[in-house]
1. Looking at (1) under 25 Å from Thr86 (Cβ atoms); (2) in a helix (DSSP H, G or I); (3) touching a residue at least 24 places away in the same chain (Cβ under 8 Å), which is the only condition Ser36 fails?
2. Of all residues being among the polar types (S, T, N, Q) and closer than 22 Å to Lys75 by Cβ in the range 86-144, which is surrounded by the fewest Cβ atoms within 10 Å (Cβ to Cβ)? Just the residue, please.
3. Does Gly112 fit the bill of being touching a residue at least 24 places away in the same chain (Cβ under 8 Å), out of contact with any Asp or Glu (no Cβ under 9 Å at 6 or more places or on another chain) and in a loop (DSSP other than H, G, I, E, B)?
4. Could you identify the single residue in Thr46, Thr76 that is touching a Phe, Trp or Tyr at 6+ places or on another chain (Cβ under 6 Å) and assigned to a strand (DSSP E or B)?
5. Run down Phe132, Phe139, Phe65 and say which single residue is aromatic (Phe, Trp, Tyr), under 30 Å from Pro14 (Cβ atoms) and without any contact (Cβ under 8 Å) to a residue 60 or more places away in the chain.
6. Given the conditions (1) closer than 28 Å to Gly19 by Cα; (2) crowded, with 16+ Cβ neighbours inside 10 Å; (3) without any contact (Cβ under 8 Å) to a residue 40 or more places away in the chain, and given that Asn59 satisfies all but one, which numbered condition is not satisfied?
7. Failed condition for Leu12, given (1) within 21 Å of the chain's Cα centre (by Cα); (2) in a helix (DSSP H, G or I), with all others met?
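The values are calculated or read from the model by the stated rules, or taken from the named source; none is laboratory data. Quantities reported herein were computed from a predicted structural model and do not represent experimental measurements. So basically every Cβ, Gly included, is an ideal-geometry build from the backbone, and we count neighbours across all protein chains shown.
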Amino acid sequence: MSFSETLTVGMLLPMLFCGVGFFFFRKGVNFFITNSNKKRRCLFYTYATITEISSMRINRRRAYFPTYKYVVDGKTIRVETKFGTTYCQYKRGEQVKVWYDYNNPAYSYIDGYNQDRITAIAAILLGSMALFSGLIVIFFVWIA
């Protein structure tokens, strides 16, 4: 194998696998870290109104992302959720219980919002598999 082929097969492709794997792994882990952090920090609650429900088509399914608005200390706060669900849980205008951080009222979550954890788990598994397969190829091409 020539040096350019070794460089391409032994470094560039595995590094691409590692990069994509790390991206998905990080997204999945970030989901769980954000959820646990919100449960720990958001100790005050109020009621919010669902103002909008945006959706995105993913393959043959749709993901739904509610936007809600609530008032804390006379300030109106509008929050768009970052993680969606595959079924629409709320209707526009519906009242929901929202937990928020007193020091940062925009940091909040909807009580009982069932986010898709399976997607985050799949991202962690597939991301780690891509990351480790890239590292294995680098090891066998350059070390072994």
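1. (3)
2. If we take residues in the range 86-144 being among the polar types (S, T, N, Q) and closer than 22 Å to Lys75 by Cβ, then Asn103 is surrounded by the fewest Cβ atoms within 10 Å (Cβ to Cβ).
3. Judged against the criteria, Gly112 is not a match.
4. Just a single option satisfies the conditions, and that option is Thr46.
5. On the way: Phe132 fails: without any contact (Cβ under 8 Å) to a residue 60 or more places away in the chain; Phe65 fails: under 30 Å from Pro14 (Cβ atoms).
Being aromatic (Phe, Trp, Tyr), under 30 Å from Pro14 (Cβ atoms) and without any contact (Cβ under 8 Å) to a residue 60 or more places away in the chain holds for just one of Phe132, Phe139, Phe65, which is Phe139.
6. (2)
7. The one condition Leu12 does not meet is (1).
Rundown of residues vs (1) closer than 18 Å to Arg26 by Cβ; (2) in a helix (DSSP H, G or I); (3) at pLDDT below 85, yes/no style:
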residue	(1), (2), (3)
Lys82	yes, no, yes
Tyr87	no, no, yes
Gly93	no, no, no
Ile121	yes, yes, no
Leu135	yes, yes, no
